[in-house]
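Below is one structure, written out as structure tokens; the observations come after it.
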Amino acid sequence: MAQIRAIRAAQPGNLMARYFDEDYFNSLDEPKRGRLLEIIRSGLENPDSQMGAYAHNDSDYEDFAPLLEPMIREYHNIPREQEIEQKHDWSLTASRCNLEDIDPGLNGVSMRVRVGRNLAALPLPAAMTKAQRLEFEALMIEAFMTLQDDPQFGGQYFSLTPGSSHAIDDAAYQRRVQAHQMFKDMRGDPYITAAGIAADWPFGRGMYVSNSEDFLIWVGEEDHLRIMAMREGGDLAALLARLHDGLEQLKGLIPAFAHSRRYGNITSCPTNLGTAMRASLHLSLPRLTEGGKDLGPARKTASGFGLSVRGAGGEHSDAGHGGLVDISPRARLGKTETAIIQRLYEGTAALWSLENAG
Ligand code: ARG
């Protein structure tokens with residue numbers, strides 16, 4: 001417990017350490033204490049965590065609500081007097097959300113939207129056995145054998161599982177990583193490694209990609225599934241529609257996802273609950289990042305618009321050439337899918353006008 005107090009003092013951003021309550025912990029029985037320590041292991045071993053916890057089972061969010069709920073409220077900006085509730089809405093028919101309306105120059109932006117999903121019938125990735133990871137991949141391959149013939153979402157599955165009949169070699173894997181289609185070796189991420197999510201790498205991991213290469217499904221990363229649409233352009237509504245159509249198609253082929261009325265889609269990381277949606281785009285902000293040298297000012301400005309800023313190379317990366325950054329709405333819980341896209345659109349408009357002011 002002294003360790004948590006030390007983290008709280010040194011790293012005020014670590015929400016696990018901030019909200020950890022010793023009296024609550026001591027009130028739990030032995031098995032529950034053990035479970036809770038596993039959930040917060042990542043935040044203990046990585047004091048610089050922003051969240052500092054990963055669920056192992058979908059019931060964890062209810063079972064350990066006295067700790068997790070305040071962390072979730074803080075991250076997703078839901079005040080205590082407001083009920084946590086997730087509603088879904090994917091229709092963007094009323095608004096255009098085309099970046100070209102902000103600036104015709106924004107018609108070739110790299111846009112991406114992903115959702116995390118987990119099957120209700122299996123433990124979350126942090127708690128899966130190797131056998132379960134393989135069983136899950138096999139179930140997905142079954143579904144992909146149907147999806148691959150779909151006129152809109154037809155494609156191919158590539159497995160990282162050694163000896164799989166769908167396996168790709170290392171060079172082909174690296175090319176997919178370079179193309180920003182495939183996830184990196186998870187053991188390089190200390191947060192998910194500490195949580196046990198990278199265990200048994202690369203067994204049960206892989207990716208489905210549509211022939212058009214604008215619809216992808218990651219298997220066995222931080223969540224059982226990460227389903228995404230990506231394209232260059234400015235039409236955020238079309239991007240969202242592409243993801244939604246693909247998701248509906250996939251849902252018909254596999255067992256039910258873990259979902260709750262309060263927390264929406266259940267994800268490993270509390271930052272992703274609700275819609276489990278991260279909608280992002282790459283924007284060049286040389287002024288707000290001092291030529292790409294410092295993400296700080298852009299982060300500060302963007303947070304006022306409810307946006308997070310990452311380097312263009314993904315989570316924990318620095319700004320790319322010329323101040324290229326990745327921006328996305330921070331909250332995923334308590335907002336609809338539509339509202340997230342609208343936030344991205346409006347936040348981009350605000351940032352863009354500040355970048356180009358004067
Ligand atoms: N566990 C890390 C932290 O608490 C990452 C949180 C968000 N990122 C993620 N990939 N879930 O800072």
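Each value in this text was obtained by applying a stated rule to the coordinates, not by laboratory testing. Here the structure is a predicted model, which means the values were calculated and not measured. Note that each Cβ is placed from the backbone with ideal geometry, even for glycine, and that neighbours are counted across all protein chains shown.
If you add up the charges near Gln174, with Lys and Arg at +1 and Asp and Glu at -1, over every other residue whose beta carbon is less than 11 angstrom from its beta carbon, what do you get?
Charge balance in the 11 Å sphere: 0.
Can you spot the aspartates and glutamates whose alpha carbon is less than 14 Å from Lys335's alpha carbon? Ignore those fewer than 8 places along the same chain.
Once the sequence-local aspartates and glutamates are set aside, what remains near Lys335 is Glu83, Glu85, Asp89.
Return the long-range amide H neighbours of Leu119 (sequence gap of 5 or more, or a different chain), with a cut-off of under 5 Å between placed amide H atoms.
Placed amide hydrogens put His224, Ala258 under 5 Å from Leu119.
Taking the Cα centroid of the stretch 327-356 and of the stretch 205-258, what is the distance between the two, rounded to the nearest whole Å?
21
Please work out how much length the chain gains when fully extended from Asp89 to Ala10, using 0.36 nm per residue of separation minus the C-alpha to C-alpha distance, in nm with one decimal.
Contour length minus the Cα-Cα distance gives 24.4 nm.
Which distance in nm do the two modelled labels at Gln174 and Asn107 give, with both placed 7 Å along the Cα-to-Cβ direction?
About 3.8 nm separates the two model spin labels.
Could you tell me what fraction of 2.2 N^0.38 Å the Cα radius of gyration of the chain comes to, as a two-decimal ratio?
Relative to the rule-of-thumb radius for its length, the chain sits at 0.98.
Could you pull out the GluC sites (Glu not before Pro) across the stretch 78-114 that fall in loop regions by DSSP (anything but H, G, I, E, B) with no more than 15 other Cβ atoms inside 10 Å?
In loop regions of the stretch 78-114 (DSSP not H, G, I, E or B), the sparsely surrounded GluC sites (Glu not before Pro) are Glu81, Glu83, Glu85.
Tally Lys/Arg at +1 and Asp/Glu at -1 over every other residue whose Cβ is under 11 Å from the Cβ of Leu283; what's the total?
-3
Net charge near Asp60, counting Lys/Arg +1 and Asp/Glu -1 over other residues with Cβ under 12 Å of its Cβ?
Residues near Asp60 contribute -3 overall.
Around Met51, which amide H atoms from residues at least 5 apart in sequence, or from another chain, sit under 5 Å from its own amide H, with H modelled in the peptide plane?
Leu15
Need one word for the stretch 150-284: rounded, prolate or oblate. Basis is the Cα gyration tensor (sqrt eigenvalues a ≥ b ≥ c); a/c below 1.5 gives rounded, then a/b vs b/c decides.
Because its axes are fairly even, with a/c under 1.5, the stretch 150-284 counts as rounded.
Are there chymotrypsin sites (Phe, Trp or Tyr not before Pro) in the stretch 202-268 that DSSP marks as loop and that have at most 16 other Cβ atoms within 10 Å, and which are they?
Sites meeting the loop and neighbour criteria: none at all.
What is the stretch 76-146 by shape, rounded, prolate or oblate, if you read a ≥ b ≥ c off the alpha carbon gyration tensor as root eigenvalues and call it rounded for a/c under 1.5, prolate for a/b larger than b/c, and oblate otherwise?
Judged from the Cα gyration tensor, the stretch 76-146 comes out oblate (a/c at least 1.5, b/c at or above a/b).
Given R₀ = 25 Å, FRET efficiency for His316-Trp201 by Cβ-Cβ distance, to 0.05?
E(calc), rounded to 0.05, equals 0.85.
Per residue of the stretch 329-342, what does 6.51 cos²θ - 1.76 cosθ + 1.60 with θ = phi - 60° give for ³J(HN,Hα)? Whole Hz please, x for Gly and Pro, Karplus curve as stated.
Once rounded to whole Hz, the list reads x, 6, 7, 10, 9, x, 10, 7, 4, 4, 5, 5, 5, 5.
Given contacts defined as C-alpha pairs under 8 Å and at least six residues apart, what's the relative contact order of the chain, whole-number percent?
Reported as a whole number, the value is 21 percent.
In nm, give the distance between the simple-model label positions of Leu253 and Arg33, each being 7 Å from the Cα along the Cα-to-Cβ direction.
4.7
Taking amide hydrogens as modeled 1.01 Å from N in the peptide plane, which residues meet the under 5 Å criterion relative to Met111, leaving out close sequence neighbours?
Here Arg231, Glu232, Gly233 satisfy the definition.
Once you order the gyration tensor axes a ≥ b ≥ c over the Cα atoms, which shape class does the stretch 217-349 get: rounded for a/c under 1.5, otherwise prolate or oblate by comparing a/b with b/c?
Prolate is the answer for the stretch 217-349, as a/c is 1.5 or above and a/b outweighs b/c.
Over what distance in Å are the Cα centres of the stretch 1-16 and the stretch 110-147 separated?
Comparing the Cα centres of the stretch 1-16 and the stretch 110-147, I get a distance of 33 Å.
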